[in-house]
Amino acid sequence: METKKIMIILTAAVAMVSAAAIASSPSISADPITDAGTSGDVSWILVSSVLVFAMVPGIAFFYGGMLRKQSMSSMMTQTLIAIGVMTISWMAVGYSLAFSGDGALIGDLSKLFMSGVTDSAPSGISEMEFALFQGMFAMITAAIVLGACAERVRYTAMVWFLAAWSILVYAPMAHWVWGGGWFDQYLVVLDFAGGTVVHICAAITGIALVLFAGKRIDAVRNSTAHNLPLAFLGCAMLWIGWLGFNGGSSLAADGTAVRACVVSMMSAACGMMAWAAAQYMVMGRVGVLGMIAGSIAGLVGITPAAGYVGLPESMVIGAVAGVLCFYSVRYTKSRMMFDDALDVFAVHGVGGIWGAIATGIFAIPEYSGGVAGAIYGSADLLIGQFIAVIATLVYCFAMSYGIIWVLSKVMRICVTPEEEMVGQDLIEHGEHAYM
């Protein structure tokens, strides 16, 4: 009965969205893409968009490989849900709320359904290409959230949660940082590719869901990764895609893009090796999961700073991120404060917080439009970064918890312990990932 109601609501929503889209479509520019600015810039941002999009299935492999085999299909399904929901929401409403108007807290609806967003520009990239690139960021942020609450939240609940979250949490965050919101109006804040908007936001959203859903049963929680090669493949896809994630954030095929890719590679390598060193000193061994987690920690750490620092600074950022995230994982696992299934907060949250603070310390004025990090004698940026981190944590947690609480009043959010033991693959999807 509940499924029929949901399908009726979805059908009605699609019909309304389609009608609104048709009504607004004449205002979208039909200029040929060959007019869209410098061809090198256009090509690089299109390639970067594809690279970031490839990170989303990479998340499915990375997360799925670290779960039980009974949860692989569920993780792939929820990742596809993130792609579908975030694409529709971003193109219809989210982009307008994030990148139009001059409000401090949120944009306006002047670009609803991409109204007035053209595919041509006198130089650089067009706004339509920019919107596409930013839409990939919205997708990957939603996909990261899935790892925290894995094996508990039903896929129907995740559809509605992400739909509300994309508008009430992600769009305002993007506006605050990149769309001329209050971070830009009242603070000195730098976030090159999403330390706050993507990683801290996703991590604290995951914690809100985890605290609401509770812990998994012991037999599930204590299970080990079922497919290390799949997790390794997912990490490789993420690492490769991150070059578009950070390099593309320059929004041009220029020296900043090259430098962002170079420091991202160095930070990832240093994060991986620092995690491995810490793991060896503490546990006397090094494993595949630890090394791939360390590389992700290094990439997360460099994300907000990628366009603003050089190679030496990236080495410090990556190495510290690797060590901090390693001990964060150990602490949360040993204390069992909450059941963050795939250590989303320990890696993306802690790594993102460190990256934001490190940007406030190490930002080089020549690379950041004259904004100086603390080591260059100015504390303004560092103070702004601290405030931005705290505001992101508080807002995203409160709104995310509020959304899931409201949804719980009208639908069942979590699977039962019995369903959890069997696995969501069979219970919710009626299929197995493996024969």
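The values are calculated or read from the model by the stated rules, or taken from the named source; none is laboratory data. Note that the structure is predicted; figures quoted are calculated from it, not measured. Please note: Cβ atoms are built from the backbone with ideal geometry, for glycine as well, and neighbour counts cover all protein chains shown.
Here the condition is being within 19 Å of GLY58 (Cα to Cα) and modelled with pLDDT of 95 or more; of LEU251, LEU238, LEU211, LEU187, it holds for LEU238 alone. Scanning the stretch 165-187 for residues being of a type in the set (Gly, Ala, Ser) and within 16 Å of the chain's Cα centre (by Cα) gives a total of 3.
For the residues ALA142, ALA150, the requirement of being under 29 Å from VAL410 (Cα atoms), at pLDDT below 95 and buried (at least 22 other Cβ atoms within 10 Å of the Cβ) singles out ALA150.
Checking the structure you have, find out if any residue of the stretch 386-401 is modelled with pLDDT of 95 or more, farther than 23 Å from SER249 by Cβ, of a type in the set (Phe, Trp, Tyr) and surrounded by 14 or more Cβ atoms within 10 Å (Cβ to Cβ). Yes, the stretch 386-401 has at least one match.
The residues of the stretch 40-57 that are surrounded by fewer than 24 Cβ atoms within 10 Å (Cβ to Cβ) and among the small types (Gly, Ala, Ser), listed by number, are GLY40, SER43, SER49, ALA54. Summed over the stretch 184-204, residues that are of a type in the set (Asp, Glu) and touching a Ser or Thr at 6+ places or on another chain (Cβ under 8 Å) total 1.
In this structure, is SER314 more than 19 Å from VAL198 (Cα to Cα), small (Gly, Ala, Ser), buried (at least 20 other Cβ atoms within 10 Å of the Cβ) and out of contact with any strand residue (DSSP E or B) (no Cβ under 8 Å at 6 or more places or on another chain)? Judged against the criteria, SER314 is a match. Looking across the stretch 241-267 at every residue that is among the hydrophobic types (A, V, I, L, M, F, W, C) and under 9 Å from VAL52 (Cα atoms), the one that is surrounded by the most Cβ atoms within 10 Å (Cβ to Cβ) is identified as TRP242. Within this structure, ASP119 passes the test of being more than 12 Å from the chain's Cα centre (by Cα), closer than 29 Å to VAL47 by Cβ and part of a loop (DSSP other than H, G, I, E, B).
In the stretch 306-358, of all residues being in a helix (DSSP H, G or I) and of a type in the set (Ser, Thr, Tyr), the one that is modelled with the lowest pLDDT corresponds to SER334. The listed residues are VAL323, VAL288, and the only one of them that is closer than 21 Å to LEU233 by Cα, surrounded by fewer than 24 Cβ atoms within 10 Å (Cβ to Cβ), among the β-branched types (Val, Ile, Thr) and out of contact with any strand residue (DSSP E or B) (no Cβ under 6 Å at 6 or more places or on another chain) turns out to be VAL288.
Inspect all residues belonging to the stretch 215-226 and state whether any of them is of a type outside the set (Asp, Glu), over 18 Å from ARG68 (Cα atoms) and touching a residue at least 24 places away in the same chain (Cβ under 8 Å). Checked against the condition, which is being of a type outside the set (Asp, Glu), over 18 Å from ARG68 (Cα atoms) and touching a residue at least 24 places away in the same chain (Cβ under 8 Å), the stretch 215-226 yields no hits at all. Name every residue in the stretch 155-171 that is surrounded by fewer than 24 Cβ atoms within 10 Å (Cβ to Cβ) and not aliphatic (A, V, I, L, M), in order of residue number. Once the filter is applied, which keeps residues that are surrounded by fewer than 24 Cβ atoms within 10 Å (Cβ to Cβ) and not aliphatic (A, V, I, L, M), the stretch 155-171 yields TYR155, THR156, TRP160. With respect to ALA269, determine if the residue is touching a residue at least 24 places away in the same chain (Cβ under 8 Å) and not charged (D, E, K, R). Yes: the conditions hold for ALA269. Between PRO365, PRO417, the distinction of being in contact with a Gly (Cβ under 9 Å, 6 or more places away or on another chain) and surrounded by fewer than 17 Cβ atoms within 10 Å (Cβ to Cβ) belongs to PRO365 only. Counting the residues of the stretch 102-139 that are more than 23 Å from GLY195 (Cβ to Cβ), buried (at least 22 other Cβ atoms within 10 Å of the Cβ) and of a type in the set (Gly, Ala, Ser) gives 1.
Among the residues making up the stretch 303-330, those that are aliphatic (A, V, I, L, M) and out of contact with any Asp or Glu (no Cβ under 9 Å at 6 or more places or on another chain) are ALA306, VAL309, LEU311, MET315, VAL316, ILE317, ALA319, VAL320, ALA321, VAL323, LEU324. Go through the residues of the stretch 132-141 one by one and say whether even a single one is more than 19 Å from PRO57 (Cα to Cα) and either part of a helix (DSSP H, G or I) or not aromatic (Phe, Trp, Tyr) (or both). Looking through the stretch 132-141, none of the residues is more than 19 Å from PRO57 (Cα to Cα) and either part of a helix (DSSP H, G or I) or not aromatic (Phe, Trp, Tyr) (or both).
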